[in-house]
Amino acid sequence: MNHQPPRLPIPWQRIETVLLDMDGTLLDLHFDNMFFRELVPQAYAKKKALSFEQARTEILTIYKSCEGTLAWYDLDHWSRTLEMDLPELKKQMAHLITFRPYAVEFLDRLKHLKFSIALVTNAHPFAVELKFQKTGLKVWIDTVHCSHDLGHPKETPGFWQVLQRTTHFHPETTLLADDLETVLSVAQSHGIAFPIHMASPSSQLPPRFSQRFPSIVDFRQIMPP
C-alpha cells in the first residue's frame, strides 16, 4: 500500500520563486548513478583492457580528485581525461531518464499557481538538453541556471552570488529543493529562506533524511494547496 507521507508546513503565501535542482530532485538519480558507476567504468575497462573492478577503482580515484569543483560536472573534461565520448555514452542509457514520483504533479501545481519556476543545476548543458528531450521538463521551467554558464558549482557561494546579480531574485521569498545538503547549506547562507532536502534522490536506494533541513520523500509532502 502506498501510504501518504506526512506533509510539511510550507508557507506558500510567502513564496514567490521556486528553485529546483534537476538530478535527484525532479529526475531520478538512478540514471546518473548507473552512468558514472557502471557504464563509464565498463567502457573504460574495455578501452584499457582492465577488469571492471580495476577500471572502477581507477575511475573513482580520478572522480575524487575533482569532487566539488566545476570540472566534476563537466562532460567535456571527462571526455578529455578518460579519452572517451561521454555524451555518446549518455545517449546509450537515455531510456533510464525518468521523473521522480509526483514531480510532474508538483510542477503542474506550481505552474497553475503562477510561481516563478527556475532550474538550478550542476549538470553539463549537453545532459540538460538530453534530459529535456527525454522528459519534456522544459515546458514547466521559466529559466535555467546552469553552473557551467555561471562559472561556479552550486556547492560554492559564487554560484548564488552570480545568480543573485543576474536575476535579482529575493532570497527571503525563495524555496530551493535539492538532494545535496552542501548545496542547501551554501544557499541558506546566501539568505534563501526555504531550503528543502530530497531524501530519496534515487528510486533504487533507501531514503537518507537530513538532520539539518526539512527533508521529504516526495513532493506530495510540500504540494501547494
Is the range 66-73 home to any residue that is of a type in the set (Phe, Trp, Tyr) and assigned to a helix (DSSP H, G or I)?
yes
Can you tell me which residues in the range 24-39 are within 16 Å of Met93 (Cβ to Cβ) and in contact with a Phe, Trp or Tyr (Cβ under 8 Å, 6 or more places away or on another chain)?
Leu27, Asp28, Phe36
Can you name the residue in the range 1-32 that is more than 21 Å from Ile192 (Cβ to Cβ) and touching a Ser or Thr at 6+ places or on another chain (Cβ under 6 Å) and is also surrounded by the most Cβ atoms within 10 Å (Cβ to Cβ) among such residues?
Asp28
Which pairs do you get when a residue that is in the same structural domain as Gly151 (by TED's automatic domain parsing) and polar (S, T, N, Q), found in the range 68-80, comes within reach of a residue that is surrounded by 14 or more Cβ atoms within 10 Å (Cβ to Cβ) and modelled with pLDDT of 90 or more, reach meaning Cβ atoms under 6 angstrom, with the pair 6+ apart or on two chains?
none
Residue hits (the range 36-54; surrounded by fewer than 19 Cβ atoms within 10 Å (Cβ to Cβ), hydrophobic (A, V, I, L, M, F, W, C) and assigned to a helix (DSSP H, G or I)) are Phe36, Leu39, Ala45, Phe52
Tell me which residues, restricted to the range 203-225, are within 17 Å of the chain's Cα centre (by Cα) and part of a helix (DSSP H, G or I).
Phe219
Kindly list the number of the only condition in (1) among the hydroxyl-bearing types (Ser, Thr, Tyr); (2) more than 16 Å from the chain's Cα centre (by Cα); (3) buried (at least 18 other Cβ atoms within 10 Å of the Cβ) that fails for Ser200.
(2)
Scan the range 180-211 residue by residue and report those that are touching a strand residue (DSSP E or B) at 6+ places or on another chain (Cβ under 6 Å) and under 18 Å from His152 (Cα atoms).
Leu184, Ala187, Gln188, Ile192
I want to confirm something. Restricting to the range 132-185 and keeping residues that are within 17 Å of the chain's Cα centre (by Cα) and aromatic (Phe, Trp, Tyr), which single residue is nearest to Pro201 (Cα to Cα)?
Phe132
Run down Lys131, Lys111 and say which single residue is touching a helix residue (DSSP H, G or I) at 6+ places or on another chain (Cβ under 6 Å) and either buried (at least 17 other Cβ atoms within 10 Å of the Cβ) or charged (D, E, K, R) (or both).
Lys111
Inspect all residues belonging to the range 4-21 and state whether any of them is touching a residue at least 12 places away in the same chain (Cβ under 8 Å), assigned by TED's automatic domain parsing to the domain that holds Asp179 and hydroxyl-bearing (Ser, Thr, Tyr).
yes
Among residues of the range 167-192 being hydroxyl-bearing (Ser, Thr, Tyr) and surrounded by fewer than 18 Cβ atoms within 10 Å (Cβ to Cβ), the residue nearest to Leu110 (Cα to Cα) is Thr173
Can you find a residue in the range 157-166 that is of a type outside the set (Val, Ile, Thr), closer than 17 Å to Asp28 by Cα, in contact (Cβ under 8 Å) with a residue 40 or more places away in the chain and crowded, with 17+ Cβ neighbours inside 10 Å?
no
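The values are calculated or read from the model by the stated rules, or taken from the named source; none is laboratory data. None of the values given here were measured: they were computed from a predicted structure. For neighbour counting, all protein chains shown are included, and Cβ atoms are generated from backbone atoms with ideal geometry for every residue, glycine included.
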